[in-house]
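Engineer: This is the structure, below, for whatever I ask next.
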Amino acid sequence: MEPQSSTTLVLCGKTNEEKELGWCLKTNSTLKLPDSSPVNVILHSEIENGKEEDAFGIDSYLNSLSTNRLGKLLIYSPKLASTHDVVSHNFCELPIGAVCVADVQFKGRGRSKNVWESPKGCLLFSFTIQMEDGRVVPLVQYVVSLAMTEAINDVCLQNGVPSLDVRIKWPNDLYLDGLKVGGILCTSTYRSKKFNITAGIGLNVSNQKPTTCLNSVLRRLGCDSQQLQSEDIVAAFFNKFESYYHIFISQGFQALEKLYYKTWLHSGQRVIVQEKNENMDEVSENVVTILGLTSSGFLLASTEDGQTCELHPDGNSFDFFKGLVRRKLV
């Protein structure tokens, strides 16, 4: 049996507090991988100046970050199985808001345990959140999605390029020019009366296959020399998300709904839902109009006769808009 190659993790921090924590994590050999494969932990301060072409710019990221808490401890890897697995497996050893970024990952995670390879040009990162109210945990993915669309606009504005119309496809996909350009995955575990949430994001920044990417759209707009950089987008994301997350926790998602609906694809959309007839095996299909979100985070819709209902995925389709199931609201 061939020996397993080690995964390199580079630790760095925004302030001395995070730098000291990184030193402790390395010294105590704290960080582990789910498959127990070897880990090579390096402090950013131990690396000579200079970085490989297309590698994540750690210094640029930290210089652009202006949060109070989130994103200040960074775990970077040129290549690993999954940023999501690194964060979730070491959740209790990391501070809330710690982030793992990789240039390439080969066992990325998605809905329904889907696995895929993510090449260079993808922005891949996962981070930690902790919540107490389980009723609003399903809504945090919407705050993450919203913060990313706004972060992309902020970076475009900073670079002096046209804003990119990245939109949210419910519940957790990002679309640009009608094609998927990114996705969000949030998973949680319950421990000591708190929900430990790992939020992961994949975004096509420079890799235009298999769909499209941000920079290819900018090139079509004549902005060849002003391409977006992954490290700027991650920093802008945390700067935006920390603000939105505070609003979300203190005021509820309702305080962000207007902005969210402005960004998503579905207001007024007519979709087909399925409903099994009583005492029969037949399934009927009905057209409904999407109005927004319910308090539990599912789709709120109206039927053609004016009744409101909540729409759930049937669980059998990768596309959440195929086979929607209607549940009447009292």
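Engineer: With a cut-off of at least 1 residues that are in contact with a Lys or Arg (Cβ under 6 Å, 6 or more places away or on another chain) and either closer than 30 Å to THR27 by Cβ or among the hydroxyl-bearing types (Ser, Thr, Tyr) (or both), name the strands (runs of 3 or more DSSP E) lying wholly within region 81-182.
Structural biologist: Where strands (runs of 3 or more DSSP E) fall fully within region 81-182 and carry at least 1 residues being in contact with a Lys or Arg (Cβ under 6 Å, 6 or more places away or on another chain) and either closer than 30 Å to THR27 by Cβ or among the hydroxyl-bearing types (Ser, Thr, Tyr) (or both), they are 99-109, 122-131, 173-176.
Engineer: Suppose the filter is buried (at least 16 other Cβ atoms within 10 Å of the Cβ), in a loop (DSSP other than H, G, I, E, B) and among the polar types (S, T, N, Q); does SER206 pass it?
Structural biologist: Spelling it out, SER206 is indeed buried (at least 16 other Cβ atoms within 10 Å of the Cβ), in a loop (DSSP other than H, G, I, E, B) and among the polar types (S, T, N, Q).
Engineer: Continuing with this model, one more query. Does region 147-163 hold any residues that are aliphatic (A, V, I, L, M) and farther than 16 Å from TYR260 by Cα, and which are they?
Structural biologist: Those that are aliphatic (A, V, I, L, M) and farther than 16 Å from TYR260 by Cα: VAL155, LEU157, VAL161.
For (1) farther than 20 Å from ILE129 by Cβ; (2) in the same structural domain as ILE152 (by TED's automatic domain parsing); (3) surrounded by fewer than 20 Cβ atoms within 10 Å (Cβ to Cβ), each residue gets a yes or a no:
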site	(1), (2), (3)
LEU25	no, yes, no
ILE47	yes, yes, yes
ALA81	yes, yes, no
HIS84	no, yes, no
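Engineer: Just checking, does region 216-225 include any residue being modelled with pLDDT of 90 or more, buried (at least 23 other Cβ atoms within 10 Å of the Cβ) and not aliphatic (A, V, I, L, M)?
Structural biologist: no
Engineer: OK, next. Would it be correct to say that GLU2 is of a type in the set (D, E, K, R), in the same structural domain as ALA235 (by TED's automatic domain parsing), at pLDDT below 95 and more than 28 Å from LYS240 (Cβ to Cβ)?
Structural biologist: no
Engineer: Of all residues in region 50-80, which are among the β-branched types (Val, Ile, Thr) and not in a loop (DSSP other than H, G, I, E, B)?
Structural biologist: ILE58, ILE75
Engineer: Right, next: Restricting to region 27-45, name every residue that is surrounded by 11 or more Cβ atoms within 10 Å (Cβ to Cβ) and either modelled with pLDDT under 90 or out of contact with any Ser or Thr (no Cβ under 8 Å at 6 or more places or on another chain) (or both).
Structural biologist: THR30, LEU31, LYS32, PRO34, ASP35, LEU43, HIS44, SER45, listed by residue number.
The values are calculated or read from the model by the stated rules, or taken from the named source; none is laboratory data. Here the structure is a predicted model, which is why all the values come from computation and not from measurement. Cβ: placed from backbone, ideal geometry, glycine included. Neighbour counts: every protein chain shown.
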